[in-house]
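The values are calculated or read from the model by the stated rules, or taken from the named source; none is laboratory data. Remember, predicted model here, so these are calculated numbers, not experimental data. All Cβ positions, glycine included, derive from the backbone under ideal geometry; neighbour counts span all protein chains shown.
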Amino acid sequence: MTSQIIDDLILPNNWRKRLPRPMDYYPGELKALRQTYPGGIEGHCPFCEDRHRALKVDLRGTRGHWCCFACDRMGDIVDFHHLKTGLSYELAALSLMEMR
């Protein structure tokens, strides 16, 4: 098996395929969810004082892209987990892989 070395951590080359599905991860992490379109949800951003469901998440595919229109943060499922837990990006990826 081939692997990718990131900051002395070894992640397998297929690490993105081993992440949880966005539709399984985000509902447990966000509050006040509402479906906006097929495959899309919105909720309160855990990174700012958002009161108007400014966080939009695309549940389609495997990356789980998100964007908060209140604090202008955005990223994929690993970025979200990294910011929410305070883990490094690499440790956040490993943590997510264990959730699957």
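What to note about this one:
- Filter pass, GLU49 being of a type in the set (D, E, K, R), exposed (fewer than 15 other Cβ atoms within 10 Å of the Cβ) and either out of contact with any Cys (no Cβ under 6 Å at 6 or more places or on another chain) or at pLDDT below 90 (or both): yes
- With respect to being over 17 Å from MET99 (Cα atoms), in contact with a Cys (Cβ under 8 Å, 6 or more places away or on another chain) and acidic (Asp, Glu), ASP58 falls outside the description.
- Considering only residues in region 52-64 that are farther than 13 Å from PRO20 by Cα and buried (at least 17 other Cβ atoms within 10 Å of the Cβ), the one that is modelled with the lowest pLDDT turns out to be ARG53.
- So TYR89, is it at negative phi and touching a His at 6+ places or on another chain (Cβ under 6 Å): yes
- The lone exception for TYR37 - which of (1) modelled with pLDDT under 95; (2) in contact with a strand residue (DSSP E or B) (Cβ under 7 Å, 6 or more places away or on another chain) it fails: (2)
- The requirement of being crowded, with 17+ Cβ neighbours inside 10 Å and touching a His at 6+ places or on another chain (Cβ under 6 Å) is not satisfied by ASP79.
- Close Cβ contacts (under 9 Å, 6 or more residues apart or on different chains) running from residues in region 70-97 that are touching a residue at least 40 places away in the same chain (Cβ under 8 Å) and farther than 16 Å from GLY43 by Cβ to residues that are hydroxyl-bearing (Ser, Thr, Tyr) and outside any loop (DSSP other than H, G, I, E, B) comprise VAL78/TYR89; LEU91/THR85; LEU96/TYR25.
- Within region 67-91, the set of residues being part of a helix (DSSP H, G or I) and at pLDDT below 95 comprises TYR89, GLU90, LEU91.
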